[in-house]
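Undergrad: One structure follows; several queries about it will come next.
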Amino acid sequence: MKGVNILLTLSVLGLATFIASAYDPGPLQDFCVAIDDLFSGLNIAGDTTHKVGSNVTNVNVDKIPGLNTLGVSLVRIDFAPYGENPPHTHPRATEILVVVEGQLSVGFVTSNGQDGNRLFTKVLNKGDVFVFPIGLIHFQFNPGKVPAVAFAGLGSQNPGTITIANAVFGSNPAINPEILAKAFQLDQKIVEELQKKFWVAN
Ligand code: MN
């Protein structure tokens, strides 16, 4: 198991080195003056009655203007039983997550490489920590019969989120279904069905 952890650590370090050129530049000032900066409410569970069964409460520069230029933000993620935070990426941040209630099955997939897109996955229990490298597709799923809660720090005041299914099948205007049918090796009718669904961010 330790060997796996070392391999994971080395892999993450390797990825971090590889993508370093895409990272946000360092802050140019100590802080950015802002007012009314208190944010409260992270003790309150988000509404998980979405189709995907999760809710992300963001504490980014939109909530705390003083985070501007500081390169950090925070999220609380609530999961209903069997709920998930569906595959997504943050174009501007690495994410470090800790489980504080319940259990989560998490993972991320490497970018296209010689051995394809490799999945790193693990089941996390209360107190366990996992890192999702910047830009990579990742997910969290609650395999338990009880709710789960996680908090995560992100290395940007404005990490951004691209939820893969929403972006691909729920874009506005829609991507030509012929293009998606070929990309996903699906019948065009199935693509059109997917595009009719109501894709909502959690
Ligand atoms: Mn994330």
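Undergrad: Enumerate the lysines that K126 could reach by cross-link, defined here as Cα to Cα under 23 Å, with residues fewer than 8 away along the same chain left out.
TA: Here the lysines satisfying the reach criterion relative to K126 are K2, K145.
Undergrad: Under a 5 Å amide H to amide H cut-off, with H placed in plane at 1.01 Å, what residues pair with I137 once short-range neighbours are removed?
TA: For I137, the qualifying residues are V109.
Undergrad: With springs only between Cα atoms under 10 Å, which of A181, A148, A45 fluctuates most in a Gaussian network model of the chain?
TA: So, out of A181, A148, A45, the one fluctuating most is A181.
Undergrad: Let me ask something else. Suppose each label sits 7 Å from its Cα in the direction of the beta carbon; what would the V33-I164 distance come out to in nanometres?
TA: Distance between the two pseudo-spin positions: 4.6 nm.
Undergrad: With the full set of protein chains in place, find how many percent of the accessible area of region 70-202 is carbon and sulfur; take the probe as 1.4 Å.
TA: Values: 4090 of 6950 Å².
The C+S portion of the solvent-accessible surface of region 70-202 is 59 percent.
Undergrad: According to the square roots a ≥ b ≥ c of the eigenvalues of the Cα gyration tensor, what is the shape class of the chain, taking rounded for a/c under 1.5, prolate for a/b larger than b/c otherwise, and oblate for the remainder? Don't skip to the answer; put the middle values down first.
TA: Working: a/c = 1.29, a/b = 1.24, b/c = 1.05.
In terms of gyration-tensor shape, rounded.
Undergrad: Anyone know which of Q157, Q188, Q114 comes out most mobile in the 10 Å Cα GNM of the chain?
TA: Q114
Undergrad: What is the distance in Å between the Cα centres of region 89-162 and region 45-67?
TA: 15
Undergrad: So, one more: Within a Cβ distance under 9 Å of P159, other residues only, what is the Lys/Arg minus Asp/Glu net charge?
TA: 0
Undergrad: Another one. Which whole-number value in Å² is the accessible area per residue of the chain, probe 1.4 Å? Each step should come with its number before you reach the end.
TA: Details: 12030 Å² over 202 residues.
The answer is 60 Å² per residue.
Undergrad: Sticking with this one: Which of L70, L186, L119 moves the most in a Gaussian network model of the chain with Cα springs under 10 Å?
TA: Of L70, L186, L119, the Gaussian network model singles out L186 as fluctuating most.
Undergrad: Among the lysines, which have Cα under 19 Å from the Cα of K196 when same-chain residues fewer than 8 positions away are ignored?
TA: Counting by Cα, and skipping residues close in sequence, K196 has these lysines nearby: K51, K182.
Undergrad: Run the quick spin-label model on Q195 and L119: label points 7 Å from Cα toward the beta carbon, then report their separation in nm to one decimal.
TA: 2.8
Undergrad: Enumerate the calculated ³J(HN,Hα) couplings along region 141-156 in order (Karplus 6.51 cos²θ - 1.76 cosθ + 1.60, θ = phi - 60°), each rounded to whole Hz, writing x wherever the residue is Gly or Pro.
TA: Couplings: 10, 8, x, x, 8, 10, x, 10, 9, 9, 10, 9, x, 10, x, 6 Hz.
Undergrad: I've got another one for you. Which aspartates and glutamates have a Cα less than 20 Å from the Cα of K122, not counting those fewer than 8 places away in the same chain?
TA: Within the straight-line limit of under 20 Å, K122 reaches these aspartates and glutamates: D78, E84, E95, E101.
Undergrad: A follow-up question, please. Return the sequence-ordered ³J(HN,Hα) values of region 90-98 in whole Hz as given by the Karplus equation 6.51 cos²θ - 1.76 cosθ + 1.60 applied to θ = phi - 60°, using x for Gly and Pro.
TA: Working through the residues one at a time gives 10, x, 10, 8, 7, 10, 10, 10, 10 Hz.
The values are calculated or read from the model by the stated rules, or taken from the named source; none is laboratory data. Quantities reported herein were computed from a predicted structural model and do not represent experimental measurements. FYI the Cβ positions are ideal-geometry reconstructions off the backbone, even for glycines, and counts take in every protein chain you see. Remember, those area values only see protein heavy atoms, side chains included, never the ligands or the DNA or RNA. Shrake-Rupley method; radii C 1.70, N 1.55, O 1.52, S 1.80 Å.
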